[in-house]
Amino acid sequence: ETGVTQTPRHLVMGMTNKKSLKCEQHLGHNAMYWYKQSAKKPLELMFVYSLEERVENNSVPSRFSPECPNSSHLFLHLHTLQPEDSALYLCASSQTRDSHYNEQFFGPGTRLTVL
Amino acid sequence: TQLLEQSPQFLSIQEGENLTVYCNSSSVFSSLQWYRQEPGEGPVLLVTVVTGGEVKKLKRLTFQFGDARKDSSLHITAAQPGDTGLYLCAGGGYQKVTFGTGTKLQVIP
């Protein structure tokens, strides 16, 4: 495997379900990100991890809970979501967060539908 | 809050035509990146420009960073159906990246 992988690619869940999104990067990068992409909205940064430490949380509701067990893996745990949380969830990595460039390498995304 | 406005939002053109997409901000950025996102996939980095006035070419794509590092343009020559996708600019700063509003391009064969 190369680059950034995400599983599952598609997920349909009810509002009372608990599910997790998984991201893995094979690039040796030190920073990982979760983004939300909705129709007609710019890409929204949700969380940033640098060297496995959460360094940014952009006012994301507590029903989204990230976890970064090591520098290659990132999870997004979901519980009691709302229909408006339906979106494409993108994981990305960058070589480091301590840069003026922060070039992002994205996974293919998880298309989430909340019923 | 740094904002990056892209124009146009949507563009539908015939194969072989030329086009330019703009990315504008009132903020100065250390770098400017362009990404292309195809349906069902994540964005893919095309180029990074870092110096005011810098021009970079990638085959039929020409990227320019504004002199004041507040804006950028992407020009595509002789567009092909494979160029179809969502084009995103992103401004880079220390420990920050800000994505633009996006331009959806459709190239009709």
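Annotations
- The stretch A:1-113 shape via C-alpha gyration tensor axes, a/c threshold 1.5: prolate
- Loop trypsin sites (Lys or Arg not before Pro), the stretch B:11-109, which have at most 14 other Cβ atoms in a 10 Å radius of their Cβ (DSSP): B:K59, B:R60
- Charge sum, other residues only, whose C-beta stays under 12 Å from B:K96's C-beta, Lys/Arg counted +1 and Asp/Glu -1: -1
- Net charge over other residues, Cβ less than 14 angstrom from the Cβ of B:L11 (K, R count +1; D, E count -1): -1
- Computed over protein heavy atoms with a 1.4 Å probe, the accessible surface of the protein assembly as shown works out to 48 Å² per residue.
- Given charges at beta-carbon only (K, R positive; D, E negative), |dipole| of the stretch B:40-109 in Debye: 80
- Between A:E52 and B:E41, the modelled labels are 3.3 nm apart [label points 7 Å from Cα along Cα→Cβ].
- Karplus-derived HN-Hα couplings along the stretch B:47-54 (A = 6.51, B = -1.76, C = 1.60, θ = phi - 60°), whole Hz, x at Gly and Pro: 7, 10, 10, 10, 10, x, x, 5
- The magnitude of the dipole of the protein assembly as shown, with charges of +1 and -1 set on the Cβ of Lys/Arg and Asp/Glu and taken from the Cα centre, is near 260 debye.
- The protein assembly as shown shape via C-alpha gyration tensor axes, a/c threshold 1.5: prolate
- Interface size B-A, as summed buried accessible area [1.4 Å probe, Å², nearest 100]: 1700
- Ranking B:V44, B:V97 by solvent-accessible area of protein heavy atoms (1.4 Å probe, all protein chains present), from largest to smallest, gives B:V44, B:V97.
- Rounded to the nearest 10 Å², the accessible area of A:E44 at probe 1.4 Å: 70
- Only lysines eight or more places from B:K70 in sequence, or on another chain, were considered; those with a Cα closer than 28 Å are A:K36, A:K40, A:K41, B:K56, B:K57, B:K59, B:K96, B:K104.
- Pairwise label distance in nanometres, B:Q106 with A:H73, each label 7 Å out on the Cα-Cβ vector: 4.2
- With a Förster radius of 25 Å applied to the beta-carbon distance between A:E44 and B:T77, the computed FRET efficiency rounds to 0.15.
- Whole-angstrom gap from the stretch A:24-70 to the stretch A:77-93, using each part's C-alpha centre: 11
The values are calculated or read from the model by the stated rules, or taken from the named source; none is laboratory data. Remember, it's a predicted structure, so these values are computed and weren't measured experimentally. Cβ sites come from the backbone with ideal geometry, for glycine too, and all protein chains shown count toward neighbours. Ligands, DNA and RNA are excluded from the accessible area calculation, which covers all protein heavy atoms including side chains. Shrake-Rupley method; radii C 1.70, N 1.55, O 1.52, S 1.80 Å.
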